[in-house]
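Trainee: Sharing a structure with you now.
What follows is calculated from the coordinates using simple rules that are stated; it is not laboratory data. Here the structure is a predicted model, which is why all the values come from computation and not from measurement. Cβ placement follows ideal geometry from the backbone for every residue including glycine, while neighbour counts extend to all protein chains displayed.
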Amino acid sequence: MRNDQPNVIVEKSIAFSLTIISYCEVLEQDKKYVIAKQLLRSATSIGANIFEAQNAESKADFIHKMKIAAKEASETLYWLILCERSSSYKFDQIIKFN
């Protein structure tokens, strides 16, 4: 990863992960452990794969890691849709993305 310039996608993925971590803590307080665990894993995996892609061994390796991040983002969206549509999950009051 180049350290001489800010990397917008890395910074946004870190900010997103921190938002999800906070939301999952709320879910765990409400004893929504299963969804919290699934959401936490998929959401933080996005940033982990993006971060890892910055040190890819080749262009193909970079693309592969970014595609994994995209798949994790899709899974994260699924869990967030479930939280949003479920009447027993706090969502609108908690989730605020930048």
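Trainee: Residue by residue through the range 38-92, note down the ones that are of a type in the set (Ser, Thr, Tyr) and under 19 Å from LEU27 (Cα atoms).
Mentor: SER42, THR44, SER45, THR76, TYR78, SER86, SER87, SER88, TYR89, listed by residue number.
Trainee: I need every pair where a residue in the range 13-24 that is under 13 Å from PHE91 (Cβ atoms) has its Cβ under 7 Å from the Cβ of a residue that is part of a helix (DSSP H, G or I), sequence separation at least 6 or different chains.
Mentor: Between residues of the range 13-24 that are under 13 Å from PHE91 (Cβ atoms) and residues that are part of a helix (DSSP H, G or I), the close pairs are ILE20/LEU39; ILE20/LEU40; ILE20/ALA43; ILE20/THR44; CYS24/ALA36; CYS24/LEU39; CYS24/LEU40.
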